[in-house]
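Asker: The structure under discussion is supplied below as structure tokens; questions concerning it will follow.
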Amino acid sequence: MEFSETLSYLLSLGHETLAMKLGLKNTELLLEALGNPHHSFPSVQIAGTNGKGSTAAMLDSICRQAGVRAGLFTSPHLISITERIKIAGVDISAPTFAKLATQVKAASESLVVQGKLQTLPTFFEHVTAIALLAFKEAGVDLAILETGLGGRLDSTTVAGARVVAITPIALDHQDYLGATLAEIAAEKAAIIRPGTTAIIAAQNEEVSEVIRRRAGECKVDPSIADYRASIDAVTADGRFTVTFQTKRNRYESVRLGLLGRHQIENAATAIRLAEAINLQGWKIPQTAIVDGLATAQHGGRLELIDGYLLDGAHNPSAAQSLLSYLNEFVDVPVTLVFGAMRDKNLVEMAAILFPAAARVVLTQANNPRSASAEELEEIARAMGVPNFFVTHSISEALTRANEVTSLPGLVCITGSLYLLGEAKALINARQP
């Protein structure tokens, strides 16, 4: 298949969340048919509600500084699906993605013909297999896998990572993972298995108890937020310099490449992951950890582009982090461009973010899960938001935002990574 045919095929399997079927059997059979590529390298798996992508990006950056050839698998992408698979910091090429997708498609169809599978694997199962196949072909030293959803039944769990991490857990995806925080935590904590090293970010006590119970069942001693961090400096745009003290080392005046106070927790998790990897025989010096955190990049997370602030705050907890950043580091009127998925807690997200904005531009992503502009309008009216505008595409939303934002002012685009992807493509296209 050509790359465009690959995209059409994957999309024909259904939207990765709407058509999702949690479970490991499909992925196990598919990887077996492909020669079990995940057996060719060790893996790190990172689960959580917020921060798992940033933590994965930080660890990947650390590995590059240490000369460790790592493969990075994250989701979703912003502009191109090739962003999901990086090798030594570089996106997989479109031709390579298409070649590997063709192999995965053939293996999937063969499993159905043989009667081993009743239906084709899902979008995410296909892409996970493509990533693991790419890592084998590239001869990576280590794979860093961001969990797609949950953990217990997520495709990335099949890789059998021996080092795992759980970033902060909050309510999200309740339709799939459970209605309560404890239920969601149990799904994510299931990536802890006998023999694993478990690195855990700071959690509330309810979540910590679930994680400790799972770790106890697996006879694993989890490292739960066992570090200290002191802030040395912070720039006007929210870039922190922090000294970290872990059980194993002290890292003086680490300048974080990613913006926002919440990245301190993610950096601490990435540091402890690097230390855990070292205990497994790798050589990641302290300088590589410091330099890796300073040079880490992760698109769509408090990302400033051409005067716009893009942040994929896709649930109430992430919205609160964005609000904290705006309150602390933005001293000009904010025009909020907001669009989100229908299955999110839209009312709570709006209650957090809308009052912080001088103007709100409501819009919708080109995605079947997206809440319509009219649904968001109802919420804004019920809240009594004084200055809001309704648009039906991100292009229209950006035009309106630019019209109503006077200088000094900032346009902040948020609510969904899918929305950010459309926005970023438009912004990039407008740049000379």
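Asker: How do the strands (runs of 3 or more DSSP E) wholly within region 298-387 filter down when requiring 2 or more residues that are aliphatic (A, V, I, L, M) and in contact (Cβ under 8 Å) with a residue 40 or more places away in the chain: which remain?
Answerer: The strands (runs of 3 or more DSSP E) meeting that bar are 303-305, 308-311, 334-338.
Asker: While we're looking at this one, here's another question. Would a scan of region 206-223 turn up a residue that is modelled with pLDDT of 95 or more, more than 30 Å from Tyr325 (Cα to Cα), touching a strand residue (DSSP E or B) at 6+ places or on another chain (Cβ under 7 Å) and not in a helix (DSSP H, G or I)?
Answerer: yes
Asker: For the condition closer than 21 Å to Ile394 by Cα, crowded, with 19+ Cβ neighbours inside 10 Å and touching a Phe, Trp or Tyr at 6+ places or on another chain (Cβ under 8 Å), what is the one hit in Leu309, Leu302? Steps first, answer last, please.
Answerer: Values: Leu309 fails: touching a Phe, Trp or Tyr at 6+ places or on another chain (Cβ under 8 Å).
Of the residues listed, the single one that is closer than 21 Å to Ile394 by Cα, crowded, with 19+ Cβ neighbours inside 10 Å and touching a Phe, Trp or Tyr at 6+ places or on another chain (Cβ under 8 Å) is Leu302.
Asker: Quick check on my filter: what residues within region 69-81 are within 22 Å of Ala423 (Cα to Cα), in contact with a strand residue (DSSP E or B) (Cβ under 8 Å, 6 or more places away or on another chain) and surrounded by fewer than 18 Cβ atoms within 10 Å (Cβ to Cβ)? Full working, then the answer.
Answerer: First pass over region 69-81, keeping only residues within 22 Å of Ala423 (Cα to Cα): 74-81.
This time we only want the ones that are in contact with a strand residue (DSSP E or B) (Cβ under 8 Å, 6 or more places away or on another chain), so: 74-75, 80.
Passing the criteria: only Ser80.
Asker: Sort out which residues of region 120-171 are among the aromatic types (Phe, Trp, Tyr) and at positive phi, and write them in order of number. Spell out how you get there, then give the answer.
Answerer: As a first pass, look at region 120-171 and keep what is among the aromatic types (Phe, Trp, Tyr): 123-124, 135.
If the condition is that a residue be among the aromatic types (Phe, Trp, Tyr) and at positive phi, then no residue fits.
Asker: Sticking with this one: Could you run through region 101-150 and say how many residues are of a type in the set (Gly, Ala, Ser), modelled with pLDDT of 95 or more and within 19 Å of the chain's Cα centre (by Cα)? Give the steps one after another, and end with the answer.
Answerer: Applying the first criterion (of a type in the set (Gly, Ala, Ser)) to region 101-150 yields 101, 106-108, 110, 115, 129, 131, 134, 138-139, 143, 148, 150.
The next check asks that each one be modelled with pLDDT of 95 or more; those that pass are 101, 106-108, 110, 115, 129, 131, 134, 138-139, 143.
After this cut, where a residue has to be within 19 Å of the chain's Cα centre (by Cα) as well, the list is 129, 131, 143.
Qualifying residue count for the region: 3.
Asker: Name the pairs whose Cβ atoms lie under 8 Å apart, with the first residue in region 196-216 and touching a residue at least 12 places away in the same chain (Cβ under 8 Å), the second assigned to a loop (DSSP other than H, G, I, E, B) and among the basic types (Lys, Arg), and 6 or more positions between them or separate chains?
Answerer: Listed by first residue and then by second, the contacts come to Thr196/Arg162; Thr197/Arg162.
Asker: Would you pick out the residues in region 24-65 that are buried (at least 23 other Cβ atoms within 10 Å of the Cβ) and more than 22 Å from the chain's Cα centre (by Cα)?
Answerer: Passing the criteria: Asn26, Leu30, Leu31.
Asker: Name the residues in region 65-85 that are under 23 Å from Trp282 (Cβ atoms) and either touching a helix residue (DSSP H, G or I) at 6+ places or on another chain (Cβ under 7 Å) or outside the structural domain of Thr197 (by TED's automatic domain parsing) (or both), would you?
Answerer: Applying the first criterion (under 23 Å from Trp282 (Cβ atoms)) to region 65-85 yields 65-74, 85.
Selection gives Gln65, Ala66, Ala70, Gly71, Leu72, Phe73, Thr74, Ile85.
Asker: Could you list, in sequence order, all residues of region 258-291 that are in contact (Cβ under 8 Å) with a residue 60 or more places away in the chain, surrounded by fewer than 20 Cβ atoms within 10 Å (Cβ to Cβ) and assigned to a loop (DSSP other than H, G, I, E, B)?
Answerer: Residues satisfying the conditions are Arg261, Gln280, Trp282, Lys283, Pro285.
Asker: Taking the options Ala397, Ala429, name whichever one is surrounded by 15 or more Cβ atoms within 10 Å (Cβ to Cβ) and aliphatic (A, V, I, L, M). If you could, list the steps in order and put the result at the bottom.
Answerer: Values: Ala429 fails: surrounded by 15 or more Cβ atoms within 10 Å (Cβ to Cβ).
Result of the check over Ala397, Ala429: Ala397.
The values are calculated or read from the model by the stated rules, or taken from the named source; none is laboratory data. As the structure is a computational prediction, the values presented were derived from the model and not from experiment. Here Cβ is always computed from backbone atoms with ideal geometry, including for glycine, and neighbour counts include all displayed protein chains.
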